[in-house]
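Written out below as structure tokens is the structure these notes cover.
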Amino acid sequence: MHRLEQDGQLAGQLGETGRNGKPRKYYVLTDAGRQTLEAKRTEFNAFTGAVQRLSGL
């Protein structure tokens with residue numbers, strides 16, 4: 001199991017069988033995953049804004 005799946009950020013489900021005969025696993029963001037993504041996106045935007053201000057861009 002993927003760590004993000006264990007943390008409740010992703011939900012995985014098996015899909016069609018791949019060329020190797022094993023079923024493919026597809027992942028989708030959960031509500032908790034979407035909240036984390038938005039928080040990280042906000043954090044990243046603040047960081048890049050600070051770097052731009054420091055570099056004079």
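The figures follow:
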| quantity | calculated |
| --- | --- |
| Stretchable slack from Thr30 to Arg53, in nm (0.36 nm times residue separation minus alpha-carbon distance) | 4.8 nm |
| Fraction of accessible area attributable to carbon and sulfur, segment 7-57 (%, probe 1.4 Å) | 55 |
| Matching label, Cα Rg over 2.2 N^0.38 Å computed from the structure shown, candidates (i) 1.72; (ii) 0.97; (iii) 1.80 | (i) |
| Full-extension gain in nm, Gln6 to Lys40, via 0.36 nm per residue minus C-alpha separation | 10.4 nm |
| Loop-located trypsin sites (Lys or Arg not before Pro) in the chain, at most 11 other Cβ atoms within 10 Å (DSSP) | Arg19 |
| Normalised contact order of the chain, rounded percent, pairs of Cα under 8 Å and 6 or more residues apart | 26 |
| Dipole in debye (nearest 20) - the chain, about Cα centre, beta carbon charges: Lys, Arg +1; Asp, Glu -1 | 260 |
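The values are calculated or read from the model by the stated rules, or taken from the named source; none is laboratory data. Note that the structure is predicted; figures quoted are calculated from it, not measured. All Cβ positions, glycine included, derive from the backbone under ideal geometry; neighbour counts span all protein chains shown. Just so you know, the surface numbers come from the protein's heavy atoms only, side chains and all, with ligands and any DNA or RNA stripped out. Shrake-Rupley method; radii C 1.70, N 1.55, O 1.52, S 1.80 Å.
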